[in-house]
1. Identify the residue in segment 50-71 that is within 19 Å of residue 84 (Cα to Cα) and in contact (Cβ under 8 Å) with a residue 60 or more places away in the chain and, among all such residues, is surrounded by the most Cβ atoms within 10 Å (Cβ to Cβ).
2. Taking only segment 17-49 into account, find how many residues are surrounded by fewer than 20 Cβ atoms within 10 Å (Cβ to Cβ) and more than 18 Å from residue 221 (Cβ to Cβ).
3. Which of the residues belonging to segment 88-125 are crowded, with 18+ Cβ neighbours inside 10 Å and within 11 Å of residue 35 (Cβ to Cβ)?
4. With respect to residue 133, determine if the residue is more than 19 Å from residue 16 (Cβ to Cβ) and surrounded by 19 or more Cβ atoms within 10 Å (Cβ to Cβ).
């Protein structure tokens, strides 16, 4: 069996990835596929934490643009991430993968509150930990949540699984057929060129804590395992 390059990872999933082609809600076949891929890397003795977005249910930014109070819109998005996290937990446990959902907004009836030391202990016991409800604060994205949690649990890498691109490009490849894909980037490149990898707060946090980021497509089966094994897929962002 091949050995993993990384011991502890944070997998960042967009909410849209869970919707698949239907664009909204949770696609059962997609979430089962993701759960199976998470199981594969867990069986490589990798400690796995997951952060899920909520774009398949609600976007706080969209609510704000509609005239809704921004904080209220963001809290609604956080609740959407809890729904996605519970769905992923159910899929994982149907595959006999032990998992725990930890939420930044306390809701003890459905999940544990986020406690850093407890999360690390779960990881050491080879349980998959799913971080839900963002940072618990409005105005912060789930990208920032992934960067923050990765720093807190001392993860080796953030795996950013995308549903619409297979890496980072200098332009939107769905619009510009001449868009060029990057193999490697620095966080300074991302910030200077305004590349839409993750928001500037998340990029700065990763840069300051020297956390590498791998951006790749979730739509190709087995890509999460390939990233963990250190194969050359997607785009790697690191350093200053």
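Derivation of every value follows stated rules applied to the coordinates shown; laboratory data play no part. Everything quoted here is computed from the prediction, not taken from an experiment. Cβ sites come from the backbone with ideal geometry, for glycine too, and all protein chains shown count toward neighbours.
1. The residue in question is 52.
2. 6
3. Correct list: 88, 89, 91, 92, 97, 99.
4. Values: more than 19 Å from residue 16 (Cβ to Cβ): no; surrounded by 19 or more Cβ atoms within 10 Å (Cβ to Cβ): yes.
No, not satisfied.
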